[in-house]
Every structure is written in C-alpha cells, then in structure tokens.
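One structure is given here, and the rest of the page talks about it.
All of the numbers you see were taken from the coordinates with simple rules; none came from a lab. Bear in mind that the values here come from a model prediction, so they are computed numbers and not experimental data. Because the Cβ atoms are built from the backbone with ideal geometry, glycine has one as well, and the counts that use them run over all protein chains shown.
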Amino acid sequence: MKTDVSHIARLAHLRFSEQELSQMEKDMTELAEMVKELPDPQEQAVFSEDNVMQLREDDAEPMSLSRQDVLANAPLVQSGCFAVPKTVE
Amino acid sequence: MKLYKKKACELSRMLRERKISSEEICRDILERIDSTESSTNAYITVCDDIIEHAKAIDKAVAEGRDIHPLAGIPIAVKDNISTKGLRTTCASRMLENYVPPYDAQVITRLRQAGMVITGKTNMDEFAMGSSTENSYFGCTHNPYNYDHSAGGSSGGSAAAVAGGEAILALGSDTGGSVRQPASFCGITGLKPTYGSVSRYGLIAFASSLEQVGVLGKCAADTAMLYSLICGHDSKDATTARRVYSDLSTGSSYNIKGMKIGIPEEYFGADVSEESAKAVYESISCFEKMGAEVRRISLPNTKYAVNTYYIISSAEASSNLARYDGVRYGFRAESCSSLAEMYERTRSEGFGSEVKRRIMLGTFVLSSGFYDDYYKKALSARNMIRQELLDAFKECDIIITPTYPTPALRLGDSAADRMGLYNSDIFTVPANISGLPAMSVPCGMSSAGLPIGMQLMGAPFSEQLLFNAAYAFECFTDECFAGGVFR
Amino acid sequence: MTEYEVVIGLEVHAELNTKSKIYCSCLNRFGLQPNTAVCPVCMGLPGALPVLNKKAVEYAARMGLALNCRINTLSRQDRKNYFYPDLPKAYQISQADVPLCENGFADVLVNGSVKRIRINRIHIEEDAGKLLHDDVYEGSLVDLNRCGVPLIEIVSEPDMRSSAEAKAFLDNIKMTLQYLCISDCRMQEGSIRCDVNVSVRKKGEAAFGTRCEMKNVNSFSAAVRGIEYEANRQIALIEAGGTVEQETRRWDDAKGKSIVMRTKENAQDYRYFPEPDLSLIEIEEDTLDELKRSIPELPTEKILRYMNDFGFTEIEAVLIAEDKERAAFLDACVSEHGSSPGSICNWLLTDIAKFQNDTGRSLGETYLTPIQLSELVSMTEKGVISNTAGKKVLAVMLQSGGDPEEITERLGLRQNSDPDSLIRLVKEVIASNEKPVADYRNGKKNALGYIVGQCMKRSGGTANPSMARELVAKSLE
C-alpha cells in the first residue's frame, strides 16, 4: 500500500517542507522494510490473567490543583479558561 | 579528597558519623558544577536552593533525628521527570518554560528521604535519541573526553555523575537510555523491571517500554537509590503489587554457582574488538569467582530493534499529541485558526527527530496499516519476551555488551541514523520484555573511553544483578567503576 | 409511490453519577466554576497517569446486565486519538476491541406491544471538557471540569424502524439508568446525549441503505425530529435519482435541519490502540453475581405488570413507571400496606402530581410517605372521611407532613354519619332554601343536588354525602 505522507502529517498536525516530506516518505519505506523482516504474527492468547489491574475506590479528594495552578502554564487565559482561536467544525 | 569524588554509600556513612555535613558535600558539588558545566553541559537547570536544603538536613542530623541513608546526598534528575515548581523541559522548545504543579512519585520519594536535588539534566528531546545531541539546549559532552558523546538519552544524568556534578542521578530508560550513557561514562546504571518503579510524573515517550532508572558510581550506590524509588504506586496502574526487600545494604559478593548465560547473538561482528574483549574478560572474572557460564542462543533478538521502533513510535505519536499549545508549553504566535495553531505550534515546538517519530507512529497506527505494522510488532514482542523468559529458566543472569562500542565522537552518531538505531540492539530487548538490566563498567578502550557490560535478569531479580555487579567490583578492586575520578 | 422503510441505530452516551471522575479523584459534579475540578490527570499534564474508578466499571456492568448483555470478565481500554481543544490528552480513553458488555437487548414498549432492540455493546470512556464563549474574547474558552467524567456508550443494532421506536428505546434507556441509580439523566445538563444513525431502504429489500450519522442531538424530542428530517431527506434524494452518501451530519434543532460535518473521504482516523497506561479490567465471578442481584425490576417489566396485574391503562402505567420514585411509592403502598393499586394510582396522578407540578418538588421532596397515603386511602374507602375532605387532608400531608387521622381530627373533617345530627342538618338546610325546595317539589328533580351540596357546605364537608342525599330526598317526599 502506498503511503500518503501528507495525510499522515495532517493527522499528526505537523507541517513539513517538500524536502522534509520526501525524507519522511523514505523513512516510511524503510519502516515498511523493517516490518517485512518481522515474523508473521503468531496465534496467541489476547489476554493473560496476570496482567489485571487493581481499580481505584470511588473516593473524591479535595481539589489537588487550584485554578491558578491549572492555568499557570497556559499560553493564553481568558475568564478563568484556556483561550484558543475560534473552534469551527 | 574532594567530596564530589566520593560514592553515595561513603558519603552516607560519613554524614551519619557527622564527619561531614550535607552542606559541605553540596558546596563541593556546586563548585564542581561551576568549574566543569561549561565543558559538559550536563544540566539544563541548576537549582538555586541546594544549600538551603542541605542545611535543613544538617539541622535534622544535629537534632539527632532519624534520617534516611540517602538524606543530604545530592542527586541530579533527568529533565523529563516532573518536579513541582521546577522547570521541566524534556529538552524541548515545546516545554521550555513549563513548570509542573506536581511532583513525580519518584521525586516525592527523594524529597521524603531528604535527598538534595541539584538540578535537571540534559537529554535527547523527549528522550528520543542516544547521544543527547537532540536537545534544544545543546549537546552534553562526555567527561572522559569532551569531544565524545555522553550517550543518551539520559546523557546529562550520566555525565553529571561521572563528572562529579552530582553524586547520584535519575534517568529514564525506554530502549537503553540509562544503560548506554552509563556505559559511555564509566558508571553504573540500572533500568528496573517494568512495573517496579512508578512512572507517575515521568513525561511519557513510550509508556509500555520505559521506566525511571538510576545512575551511580557503583553497584551499592545504584542499589540504594533503586531501593528508595521502587514499589507499588496507587497512581500508576502498571506498577506491580509486591513486597520489595531492602537492597541498599544486602549486596553479596558471593556468586558461587550463579548461572550466567552468554547469548551468541550479542557478540556479533558489530561489536568492536575492544568492547568484546573487555566483556569476555569480565565473564572470565565471573568464572573465576565460581559462576557457571553457559552459551545460549536468543535468535529472536534480531527482531528487537524493528519491534522497538514500531511500538515506541506508535506510543510516542499518541503520548506527544497533547502538546497542542492549549494548556501549557509553547504556542506559535498570531495564529488565526485552531488548525493553524495546532500545526504551527507542533511544527515549531518539536525538533526534527521528535517530529519524525511522531510521523512514523501516526503512520503505523493509521487505518489500513495497524494490523500489518502494530499488531505484527506486538506479536514479535511476545516472541522476544517469551524467549528471554525461557532463557531465565536455565540461567540466573545474562551478560552482554551494553553497546557495540565505547562512546561515539560527537557528530558521528547523527550521520548514520538507522545505523545508530541498530546499535540499540543489546539494550532494547530488556525494554521490550520488561526485564531489569544494568550496565556495569568493565573496561577501558585504548583511547581512554569506558566500556560497559550489560547484566540482564528475570523480572524482579534486581538483587541478583546488584550481587553480580558488586562481586565484580570487589573482584576487580573497583578498577573500572567510579567515573573520571577512579 | 414507493414505500420506504427507515432503519435507525442509536449510540447513547450517559454520564455516570460516581462521586469522583473515571481516572482521577477529582469531584464529578456539574455546575462548578470553570477549571476548578481539575488535576494533573484530567487536564492531561505531562507525566500524569490514569487509574480506573471501580464504581464506573460496576455501574457500566450493571447497565449491561439490565440490558441482557454478556459481561466480559476481562476487558481492555484503548486510546481514541483526535485533536480538539476540549480533549486535553488529544486522545480519549475508551474501549474498542473488547468492551465491558456485548450482545444484549432491550425490550421496549411501543404502542402497547413489546419490541426487542438488540444492543451491540456498552463500553466505558471518559467525557471531554466544554467550550464556552463570552462577549470579550472572540475565540473559544476551554473549561476542563467535565474532562474525565465517566461515560457509558450504549450502542444499539439498527433495529428501529420509526422515530417512535427510537423514542421508546431512548425512554427505556433513560428509565433503566434511573432505576439503576447510575446516572442523573439531566438532559438539560447534557448528562445523556445521543448520536443517531439513519438509513432508508425500499420496503421488502434485504440490504440496508447507506447510513448517515447525526451528531449533536441533545434531547429525545430532537432525536425524533432529526430522524424524521433525515429519513425524508434521504428518501427525497433517492426519489430524485440521487444516492445517499455516507457522511457525518450535525443536527441543528433550532433550524430543524442537518448539515454535513464530514464526508466519507475525510472521515476521522482515530488510530485506536491499546492504552498502555492501564492493564486489563477484570470482573470477578463473585462481583458479577453481586451485581446481578442488585438489578431491580426494570421499566418494561414494571409497566407490563401494572397493566396486566393492576389493570392500568398503558398511559397510567407509563406515567407511574417513568418516575422511579413514584413507581417505588406505589409499589410500597400496594405490597407493604395493602392498598388498592387503582386508588393509589389515581391519587398519585391527580392531586399529588398537581402538587408536585405546582411546587416543582419530586415525590421524595414532599412529606408524604407510602404508609400515610395508604392510610388516607383506606379512610376514604371506609367512609371515615369524604373524598373532598381527603383532598384537604392530603394537601396538609404534602405540605407539612403528619398522620392523616390526626390531621382529620385537627381539621374536624371526620365524616358525620350520625343519623340524628344529619336529620337536624337537613332540616336546617330545607328551612333556609325555600326556592330550591319549591322547585324540587314542582318537578325540577335536579334541585336535589343543589340542596345536598348545601348540606355538605353547611357541615364543612364532613356530612356523609350518601346519607345526606337519602335524608334530603326522604324529607322532601
């Protein structure tokens, strides 16, 4: 399958020059070669029981971060919120 | 003797015997940082409250309070571990000014023990690389020879310990990022068993592969630090619920009867003559100490690097998606739309290697490729892991070179990208399989650069690794360990 | 003209009313000041890790059991990757390949008969934050409080054939959530939302048509309007010789139409993969048994029981059953205190419902208890008080509480059935109402009612009405 590097860049929200894109394409081709070297997938148990996690009890804790902490690293703050350019979908 | 040349275990004893103070240690360290930092560039940030913390510990000692053996010992922390109120950059423009409002679980442990954090160390951006050249803050130089790399991605941590700019250090190891710089800098570095140390607060690159690791001048130092940070954490669902014995004092030099596996696949043509020789000579030391050496074969090792790159890139593409300029970190200026903000923020904020891996990871997870790439890699991962687990039914530990060569010359590594990746072949299997692995100094090249060997064990067999490393140090009279001051 | 059949599948998202969020200990509460219930985990700070809330899993499993699903004793969580300012990690932790619950069904009542809608799956996931807008800033404002609120997504099979069936399904899901006490179901707060999949095909055709997914459906009535609009749009398209394209559309309820959000070509690629920060979710057999035992009688069973055993009409049965408190109240009156279901139903749906309506109180927020209502009903049935007096007593009970006997005594409302005093009362009334009495005697028989009414009035409503009527008639013979 041919890879559409521009499509991948759009998914990742990254911008590249033409030259960078062609380098990426080479890298992906190389990756495709790497994958070919891997053995075919073996039938395997999807799950092993020893990989089960402990769940958290439903206890609410008092606020660990104040609003000031929450917003302290934000590039742009407005009305106690993170401000971003207008969203349109 | 300057205190920065000493090991943590020595300083700990001297502190408790009140022969020295933490303040004296820290002043020595600060002096050393002043004199060598411009040559090594081991740190991104040096703390300005070091003496203050040291004094607090000295006060506690003076009051006769019970203190942790590591209290008052200066420790450097890799800059991808969250420190509350202390800038944590991941060596990226993206997080150049990011100050976490919380401590990583391992940092909480250090603070509770009264360790003195000296600063945040340089690394490859988001831990992607093995030379510390992919840093927004410039590369780190090897204290043995400034023209050489300190390795990576925890190059700053390794250089700091080896060069006397810290006594101990925390790093992180996703594919060898603690062990390889430890071997380049002539010190001891452990990547613990997956799930034995909390990742809470470790800024994620590849979640299923990485662990916080420890670096020190010798086995005893790393054992002490590992004992402090290991254990179950209710904030990290991937930590194991088990009881850990205190390894800080328990290392034994008696390794008689220990079964050591030597996998032929790890001594191939790629390994430099000097490195192979140093490791083989070390193995004969173990034999002389009464260990039983057996040749083994691990054919699936050849899949390790490819598997590693697929899985780590996939996870990275998702883990690094959160850097979008909304809540923290860099945001590109004057963007007129949301799409533009995302794209320019990420394109301007990330370095080229990070972007490359995000692209590869996005690609392998994308519709139509997932089964052929990601699923195939997961299957290979299981095969590699199973083969190693089977090997540990026959041997207690496995010894290999940590890296095919001693420290590379700066600039050399960037030239040969895929070649460099293949050099990770000895370290990535432990990450893929979740096993503990340690790099121990075992020789010197003719050019005066350190050589390290890797000890690998079954899950949660850190004690065995420390024993073996300690025994080797005793047998060789510590002639390799300790950084540039040996 | 060709007849078309509409095919509908629904995806319902419901917020669970756990105390804390799904992956962190932040408060799960609506209506707080923006960004005040946020921690490193739910705001996606670098290095923070999720830890799954046990209650969220149990709630989801109970919903699965209520909808007859198979519960996977081992299930997994996956990352759904996409960028949006309300999604801090740029991925949502959800479940893809192995959800918690699979292959169930809901039996829902449509026009008196039961229709079975199959459930494909129910999985758990985290909610996203909210985007706000104000007058000062031209862009969007991000409030992360809602990030990490636990959600279940209930995905039906395309088994519904009309907007009425879809509405019945949604009502059933809402009632079930309420019966299980696992969601607040406050539509205006967005605690239940749905996506609607609609396709049409010519009647009798076996294959499904191309479907469109409609998002932004914020109420059940909007779902009905959206489905009808979309079905008509697709039919018109086909009739005009066109073909339906697979696309995602946004429903604009105010304008009453849907618009294209995404076509098939630029469909999202979510790049699902197993969440490496979390291991497997296990539900042990014991826990599952316990959860099974916690499932109460479900809405459809209840409605059918009311209709079949109690003789309620479908409307009555639904009106009682759709309010969990009301249904529990009725059940308590009937099974614990032996009241007749019909009387209780009558009281609940008239005077009590009116009081609730006027005051905006739920049944639990009034002072009324099942034992007291049962007593009151029994007093009216035994003739201790009249129906009219009963209403007065009830009003007091609702407003300030108290024992009906005691209130009756206090207000002097006990029904008077003493013949001597009633004879005196009737004499007085006849004496003071000459005209109606004369009318009656002149053949206007309906004047009798007026005279009895006057007796009731003069007695303050306490006179036994049938005895009074009898005595008046006798006196005027």
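Per residue of B:312-325, how many C-beta atoms from partner chains lie within 10 Å of its own C-beta, taken as a mean?
Neighbouring Cβ atoms belonging to other protein chains average 6 per residue here.
Expressed as a whole percent, how much of the Cα-Cα distance distribution for the range B:1-98 exceeds 22 Å? The partial results should precede the final answer.
Numbers: 1767 of 4753 pairs.
Summing the P(r) tail past 22 Å for the range B:1-98 gives 37 percent.
Along the principal axes of its C-alpha atoms, what lengths does the range B:107-176 span, in descending order and rounded to whole Å?
On the principal axes, the range B:107-176 reaches 37, 24, 21 Å in Cα extent.
Dividing the alpha-carbon Rg of the range B:47-184 by 2.2 N^0.38 Å yields what? Walk me through the intermediate numbers first.
On the way: Rg = 15.2 Å, N = 138, 2.2 N^0.38 = 14.3 Å.
Expressed relative to 2.2 N^0.38 Å, the Cα Rg reads 1.06.
If packing is taken as the average count of other Cβ atoms within 10 Å, what order do C:235-242, C:96-103 fall into, highest mean first? Intermediate values should be presented prior to the final figure.
Working: C:235-242: 11.9, C:96-103: 19.6.
Put in order of decreasing packing, that is C:96-103, C:235-242.
Just the Kirkwood number for the range C:388-456, please: inverse of mean 1/r across all distinct Cα pairs, in Å, one decimal. Walk me through the intermediate numbers first.
Values: mean 1/r = 0.0708 Å⁻¹.
Hydrodynamic radius (Kirkwood, Cα only) of the range C:388-456 equals 14.1 Å.
For an R0 of 22 angstrom, estimate the FRET efficiency from the Cβ-Cβ distance between C:Ala431 and C:Lys391 and round to the nearest 0.05.
Numbers: r = 30 Å, r/R0 = 1.35.
Rounded to the nearest 0.05, the efficiency is 0.15.
When B:Ser336, C:Ser421, B:Ser461 are ordered from fewest to most other Cβ atoms inside 10 Å of their Cβ, what list results? Can you show the working numbers first?
Values: B:Ser336 9, C:Ser421 12, B:Ser461 18.
Ranking B:Ser336, C:Ser421, B:Ser461 by Cβ neighbours within 10 Å, fewest first, gives B:Ser336, C:Ser421, B:Ser461.
Under Stokes-Einstein, with the Kirkwood radius over Cα pairs standing in for Rh, what whole-number D in µm²/s applies to chain B at 37 °C and 0.692 mPa s?
Details: Rh = 22.1 Å.
The estimated diffusion coefficient comes to 148 µm²/s.
From the helices alone, meaning DSSP H stretches of at least four residues, give me the mean residue ellipticity at 222 nm for chain C, per-run term -39500 (n - 2.57), in deg cm²/dmol to the nearest 500. Could the numbers behind the result be given before it?
On the way: 16 runs with 186 residues, N = 477.
Calculated mean residue ellipticity at 222 nm is -12000 deg cm²/dmol.
Once each part is reduced to its C-alpha centroid, what is the distance from the range B:378-393 to the range B:88-111 in angstrom?
Taking the Cα centre of each part, the range B:378-393 and the range B:88-111 sit 34 Å apart.
Which whole number in µm²/s is D for the range C:169-237 by Stokes-Einstein, with the Kirkwood Rh taken over Cα pairs at 4 °C and 1.567 mPa s? Walk me through the numbers on the way to the answer.
Working: Rh = 13.6 Å.
Answer, rounded: 95 µm²/s.
Please compute the net charge surrounding B:Ala321, taking Lys and Arg as +1 and Asp and Glu as -1 over other residues with Cβ under 10 Å from its Cβ. Walk me through the intermediate numbers first.
Numbers: positive: B:Arg322, B:Arg346, C:Arg79, C:Lys89, C:Arg271; negative: B:Asp324.
Residues near B:Ala321 contribute +4 overall.
Only counting other Cβ atoms within 10 Å, I'd like B:Thr174, A:Thr29 sorted with the fewest neighbours first.
Numbers: B:Thr174 31, A:Thr29 11.
Ascending Cβ contact count within 10 Å gives the list A:Thr29, B:Thr174.
Peptides C:128-137, C:151-160: what's the order by average Cβ count within 10 Å, highest mean first?
Highest mean packing first, the order is C:151-160, C:128-137.
On each of the three principal axes of the Cα atoms of the range B:349-403, give max minus min coordinate, whole Å, ordered largest first.
45, 28, 13
Calculate, for B:Lys393 and C:Arg29, the FRET efficiency according to 1/(1 + (r/R0)^6) with r their C-beta to C-beta distance and R0 51 Å; round to the nearest 0.05.
Numbers: r = 53 Å, r/R0 = 1.03.
Computed FRET efficiency for B:Lys393 and C:Arg29: 0.45.
Let me confirm one metric for peptide A:10-23, namely the mean number of other chain beta-carbon atoms within 10 Å of its residues' beta-carbons.
On the way: counts 5, 16, 19, 15, 12, 8, 5, 0, 0, 0, 5, 1, 0, 3.
Mean partner shielding for this stretch: 6.
Give me P(r) over the range B:236-347, computed from all C-alpha to C-alpha distances, binned every 5 Å, as integer percentages.
2, 8, 9, 10, 10, 11, 12, 10, 8, 7, 6, 4, 2, 1, 0
Per-residue mean of other chain beta-carbon atoms within 10 angstrom of the beta-carbon, peptide C:280-289?
2
Kindly give the semi-axes, whole Å and largest first, of the ellipsoid equivalent to the range C:1-145, taking each as the square root of 5 times a Cα gyration tensor eigenvalue.
Working: eigenvalues 211, 95, 44 Å².
So the equivalent ellipsoid measures 33, 22, 15 Å along its semi-axes.
Which FRET efficiency value, to the nearest 0.05, do you get for B:Arg111 and C:Lys354 by plugging their Cβ-Cβ distance into 1/(1 + (r/R0)^6) with R0 = 45 Å? Present the calculation step by step, with values, prior to reporting the outcome.
Numbers: r = 64 Å, r/R0 = 1.41.
Computed FRET efficiency for B:Arg111 and C:Lys354 comes out at 0.10.
Percent of alpha carbon pairs in the range C:154-300 separated by more than 25 Å? Before the final figure, lay out the partial values.
Working: 4796 of 10731 pairs.
The share of Cα pairs beyond 25 Å in the range C:154-300 comes to 45 percent.
In nm, give the distance between the simple-model label positions of C:Ile295 and C:Glu3, each being 7 Å from the Cα along the Cα-to-Cβ direction.
Here the modelled spin labels are 3.6 nm apart.
For chain C, what are Rg and Dmax over the alpha carbons, in angstrom?
In Å, with Rg to one decimal and Dmax whole: 29.7, 97.
Tell me the label-point distance for the pair C:Tyr82, C:Asn346, using the 7 Å Cα-to-Cβ offset, in nm and rounded to one decimal.
Each label point lies 7 Å from its Cα, and together they span 5.5 nm.
Any idea how far the Cα center of the range B:167-185 sits from the one of the range B:32-58, in Å?
20
With both partners inside the range B:343-480, how many of the DSSP beta bridges are antiparallel, as a percent to the nearest 5?
On the way: 12 of 12 bridges.
Antiparallel bridges: around 100 percent, rounded to the nearest 5.
P(r) for the range C:418-477: what percent of alpha-carbon pairs falls in each 10 Å bin, starting at zero?
25, 61, 13, 0
Out of the DSSP beta bridges found with both residues in chain B, what percent are antiparallel (nearest 5)? The partial results should precede the final answer.
On the way: 32 of 47 bridges.
DSSP beta bridges in chain B are roughly 70 percent antiparallel.
Based on a Kirkwood Rh over C-alpha pairs, give the Stokes-Einstein translational diffusion coefficient of the protein assembly as shown at 37 °C and viscosity 0.692 mPa s in µm²/s.
On the way: Rh = 33.1 Å.
Answer from the Stokes-Einstein relation: 99 µm²/s.
For the range C:230-256 and the range B:272-341, compute the distance between their C-alpha centroids and round to whole Å.
Taking the Cα centre of the range B:272-341 as reference, the centre of the range C:230-256 is 51 Å away.
Within 10 Å, count the other beta carbons around each residue, average over each peptide in B:151-163, C:218-230, and list them highest first.
Details: B:151-163: 35.8, C:218-230: 20.3.
Highest mean packing first, the order is B:151-163, C:218-230.
Can you sort B:Lys2, C:Lys435 from fewest to most other Cβ atoms within 10 Å of each residue's own Cβ?
Details: B:Lys2 12, C:Lys435 9.
Neighbour counts put them in this order, fewest first: C:Lys435, B:Lys2.
What whole-number value in cubic angstrom gives the convex hull volume per residue for the C-alpha atoms of the range C:335-444? Numbers along the way, then the final one.
On the way: hull volume 17.1 nm³, N = 110.
With only Cα atoms used, the range C:335-444 gives 156 Å³ per residue.
Report, to two decimal places, the Cα Rg of the range B:368-486 normalised by 2.2 N^0.38 Å (N = number of residues). Spell out each step's value before the answer.
Numbers: Rg = 17.0 Å, N = 119, 2.2 N^0.38 = 13.5 Å.
This ratio for the range B:368-486 stands at 1.26.
What spacing in nm lies between the two simple spin-label points modelled at C:Lys445 and B:Glu264, each 7 Å away from Cα in the Cβ direction?
11.9
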